[in-house]
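Report on one structure; see the data block that follows.
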Amino acid sequence: MVVLLHGGGQTRHSWAGAMRALVSAGYRVLNLDARGHGMSQWSPARAYGLPDRIQDIHAVVEGCAVPFALVGASMGGLTAIHAIGEGLRPAALVLVDIVPQMEPAGVDRIVGFMNANHGGFASLEEAADAVAAYYPERPRPKDPTGLMKNLRLNEDGRLYWHWDPSMFNVEDPSNFHDPLARSTIRLGQRPEVAVLVVRGRLSDMVSDASIAAFHAQVPDAEVHDIVGAGHMIAGDRNDAFNAAVIDFLGKRLPV
């Protein structure tokens with residue numbers, strides 16, 4: 001079984017192509033909206049911290065009678081590392097353009113995008129303009145209607161991203177890095193968990209130095225670079241991404 005964990009500000013639709021490819025390869029796939037994202041409910045108590053996300057992964061795989069793999073992009077990947085550090089035992093972990101030692105400039109760019117436009121958009125074209133400004137390397141789609149999977153129409157007639165903006169003001173970054181470092185060390189002490197990092201060669205989040213620092217703690221981790229892809233690998237080069245993941249799982253978690 002393969003559990004797909006999308007990144008912050010995304011929804012399960014980010015994995016649409018990957019899910020189809022994995023199912024075609026014979027895997028059972030669980031593709032979920034993280035709490036506060038997509039069709040998952042928003043938390044009135046703003047329970048969006050790391051312990052809440054770890055608890056969600058445990059709830060999803062609890063009682064699973066077969067070996068499973070976690071495939072996590074960005075926020076999903078970091079949450080998976082923490083969950084393993086706290087005792088979760090997947091057979092394999094795929095980190096999608098994320099390692100604990102992230103490049104600060106890339107992090108700042110993503111946080112800036114997600115903290116912008118809280119007032120929503122007047123039209124789908126306006127939302128597409130915001131995405132194009134954030135990701136100029138990707139060709140702007142002629143038909144932006146696909147963006148509606150990541151947007152919701154509010155009662156005021158405006159379009160908003162399909163996630164609760166309050167979640168990004170919940171976690172104190174100073175309380176995040178030490179537990180992540182500890183969890184990464186524990187991951188490196190569990191060679192039974194096969195690890196693959198799929199990196200976009202155009203990514204501003206994961207550099208060669210980032211990979212080297214990760215390898216120092218998780219020496220058995222494999223790395224696969226996707227040429228022509230940035231941080232949003234599955235969206236940039238979906239076929240190449242799917243091929244890399246299925247090849248890895250075929251060796252580490254065969255159907």
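Quick notes
- Cβ-Cβ FRET estimate between ASP247 and LYS142, R0 fixed at 35 Å, reported to 0.05: 0.60
- Helix 124-134 axis versus longest C-alpha principal axis of the chain: approximately 50°, rounded to the nearest ten.
- Degrees between helix 50-61 axis and first principal axis of the chain (Cα, 0 to 90, nearest 10): 70
- Principal-axis tilt of helix 177-188 within the chain, Cα atoms, nearest 10 degrees: 40
- Three-way shape call for the stretch 59-127 based on the alpha-carbon gyration tensor, with the a/c threshold at 1.5: prolate
- Toward the positive end of the charge dipole of the chain, with +1 on the Cβ of Lys and Arg and -1 on the Cβ of Asp and Glu, the farthest Cα among ALA127, PRO104, LEU70 is that of LEU70.
- Averaging Cα coordinates gives a centre for the stretch 194-224 and one for the stretch 81-145; these two points are 18 Å apart.
- Near VAL2, the amide H atoms lying under 5 Å from its own belong to ARG28, VAL29, LEU30, ALA69; only residues 5 or more places off or on other chains count, and H is placed 1.01 Å from N.
- Structure remark: mean-square fluctuation, Gaussian network model of the chain, C-alpha springs under 10 Å; the largest value among SER14, SER123, SER207 belongs to SER123.
- Three-way shape label, the stretch 188-255, alpha-carbon gyration tensor, a/c 1.5: oblate
- Prolate/oblate/rounded label for the stretch 79-187 (Cα gyration tensor, a/c 1.5): prolate
Read-outs: derived from the displayed coordinates by stated rules, not from any lab. Note that the structure is a prediction, hence the values are computed from the model and not measured. With ideal geometry, Cβ positions are generated from the backbone for all residues, glycine too; neighbour counts draw on all protein chains shown.
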